[in-house]
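The values are calculated or read from the model by the stated rules, or taken from the named source; none is laboratory data. Just so it is clear, the model here is predicted, and its values are computed rather than measured. Heads up, the Cβs are rebuilt from the backbone with ideal geometry, glycines too, and the neighbour counts pull from every protein chain shown.
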Amino acid sequence: MKPIWIVDDDQSIRFVLEKALAREDLPVRSFTNPRDVLAALDDDEPQVLVSDIRMPGGSGIDLLSKVKERLPGLPVIIMTAYSDLDSAVSAFQGGAFEYLPKPFDLPKAVELIRRAVDESLREEVIDERVTQMPEMMGQAPAMQDVFR
């Protein structure tokens, strides 16, 4: 399984999530800003992205948009201490998997991340099946007759 990426300028949030996810045997990679996440996407990709909404050097909403351009099926959870309706609407319109207000209940946050991981793994299986399907259909004798 690929790691869960956590993006937050607050070291204590990163630390708490890292420890909680490690207890669940989930691999984690942490970042302090969106710029580093975008650079890391050149070489790697996460199973799930958990990002703060407001950070120095960029917003979680902008990061969500840029990540979704590259990885449209990636579940992204947006965290914020500012639980205003506009932020939640922006996050969901941008394709966020879920919105996690801070302070959060740690077991519920871990459960949410697990759900996102499950969704991501399901998407991978579906993508794999879709990739294989045209070859299988095209090789069937009945389909070969159609192509002639």
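If you go through the range 39-64, how many residues are in a helix (DSSP H, G or I), among the aliphatic types (A, V, I, L, M) and touching a strand residue (DSSP E or B) at 6+ places or on another chain (Cβ under 9 Å)?
The initial filter retains those residues of the range 39-64 that are in a helix (DSSP H, G or I), namely 39-40, 60-64.
So of that shortlist, the ones also among the aliphatic types (A, V, I, L, M) come out as 39-40, 61, 63-64.
When the remaining residues are screened for being touching a strand residue (DSSP E or B) at 6+ places or on another chain (Cβ under 9 Å), the result is 40, 61, 63-64.
Of the residues in the range 39-64, 4 are in a helix (DSSP H, G or I), among the aliphatic types (A, V, I, L, M) and touching a strand residue (DSSP E or B) at 6+ places or on another chain (Cβ under 9 Å).
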message = Filter the range 7-17 down to the residues that are surrounded by fewer than 19 Cβ atoms within 10 Å (Cβ to Cβ), touching a residue at least 24 places away in the same chain (Cβ under 8 Å) and either among the β-branched types (Val, Ile, Thr) or in a helix (DSSP H, G or I) (or both) and list them by number.
response = Val16
remark   = Reported set for the range 1-20 where residues are in contact with a strand residue (DSSP E or B) (Cβ under 6 Å, 6 or more places away or on another chain) and more than 20 Å from Leu64 (Cβ to Cβ) is Glu18
message = Being within 20 Å of Glu123 (Cβ to Cβ) and out of contact with any helix residue (DSSP H, G or I) (no Cβ under 6 Å at 6 or more places or on another chain) is the filter here; which residues of the range 78-92 pass it?
response = Ala91, Phe92
Flag for Phe97 being at pLDDT 90 or above, of a type outside the set (Val, Ile, Thr) and more than 13 Å from the chain's Cα centre (by Cα) = no
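One line per residue, one yes/no per condition, for (1) surrounded by 20 or more Cβ atoms within 10 Å (Cβ to Cβ); (2) over 18 Å from Lys108 (Cβ atoms); (3) not basic (Lys, Arg):
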residue: Ile4; (1), (2), (3): yes, no, yes
residue: Lys19; (1), (2), (3): no, no, no
residue: Glu24; (1), (2), (3): no, no, yes
residue: Asp36; (1), (2), (3): no, yes, yes
residue: Asp43; (1), (2), (3): no, yes, yes
residue: Val48; (1), (2), (3): yes, no, yes
residue: Asp52; (1), (2), (3): yes, no, yes
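Any idea which of Arg54, Arg29, Arg23 is over 16 Å from the mean Cα position of the chain (by Cα) and at pLDDT 95 or above? I'd like the intermediate steps shown before the answer.
Working: Arg54 fails: at pLDDT 95 or above; Arg29 fails: over 16 Å from the mean Cα position of the chain (by Cα).
Sole residue among the options that is over 16 Å from the mean Cα position of the chain (by Cα) and at pLDDT 95 or above: Arg23.
Here is a list: Thr80, Thr32. Which entry is surrounded by 18 or more Cβ atoms within 10 Å (Cβ to Cβ), among the hydroxyl-bearing types (Ser, Thr, Tyr), in contact (Cβ under 8 Å) with a residue 24 or more places away in the chain and over 20 Å from Pro101 (Cβ atoms)? Reasoning before the result, please.
Numbers: Thr80 fails: over 20 Å from Pro101 (Cβ atoms).
None of the other options fit; the residue is Thr32.
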